[in-house]
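J.: Below you will find the structure I want to go over with you.
The values are calculated or read from the model by the stated rules, or taken from the named source; none is laboratory data. Predicted, not measured: the structure shown is a model, and the values here were computed from it. Ideal geometry is used to build each Cβ from the backbone, glycine not excepted, and the neighbour counts take in all protein chains shown.
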Amino acid sequence: MVYVTAYTQADIFAPTDPEMIKAIGAHIRPELLSPNAPIWTEEEICKEASNDEEKKLVLRRLNARKPVNRMYQDPDNLCAEDVNGYIANLSHGQLGLVQKMSA
């Protein structure tokens, strides 16, 4: 887990050139570029990238953004977690907080 912390802080906000992502994406499995793909360990990234440093760089930066994407990019995440028993209602015309239904 030390590896994840080491490159997450450096890579999470570092710009990744869209052309570089496109070029690297042509040589790796498309699902690896998805923000919804599982977060990889450093060992998995190194295995996938072999000795290609550009590929490692792109995979590390995309991997570092996955937790942030999951928290802030999908509005449904606001509806999934309750705060003091309330969740967000993002339905058109019904914006607000509603009491969470018990399971």
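J.: For segment 77-88, which residues satisfy the criterion of being more than 15 Å from the chain's Cα centre (by Cα) and at pLDDT below 65?
T.: Taking segment 77-88 first, the residues more than 15 Å from the chain's Cα centre (by Cα) are 78-88.
Within segment 77-88, L78 is the sole residue that qualifies.
J.: So if I check each of N69, N63, which one is in contact with a Pro (Cβ under 7 Å, 6 or more places away or on another chain) and either farther than 30 Å from S102 by Cα or at pLDDT below 80 (or both)?
T.: On the way: N63 fails: in contact with a Pro (Cβ under 7 Å, 6 or more places away or on another chain).
Every option except N69 fails the conditions.
For (1) charged (D, E, K, R); (2) loosely packed, with under 10 Cβ neighbours inside 10 Å; (3) touching a residue at least 12 places away in the same chain (Cβ under 8 Å), each residue gets a yes or a no:
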| site | (1), (2), (3) |
| --- | --- |
| I24 | no, no, yes |
| E31 | yes, yes, no |
| I39 | no, no, yes |
| K47 | yes, no, no |
| S50 | no, yes, no |
| E54 | yes, no, yes |
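Conditions (1) at negative phi; (2) at pLDDT 85 or above; (3) acidic (D, E), marked per residue:
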{"site": "Y7", "(1), (2), (3)": "yes, no, no"}
{"site": "D11", "(1), (2), (3)": "yes, no, yes"}
{"site": "P18", "(1), (2), (3)": "yes, no, no"}
{"site": "I21", "(1), (2), (3)": "yes, no, no"}
{"site": "N36", "(1), (2), (3)": "yes, no, no"}
{"site": "I45", "(1), (2), (3)": "yes, yes, no"}
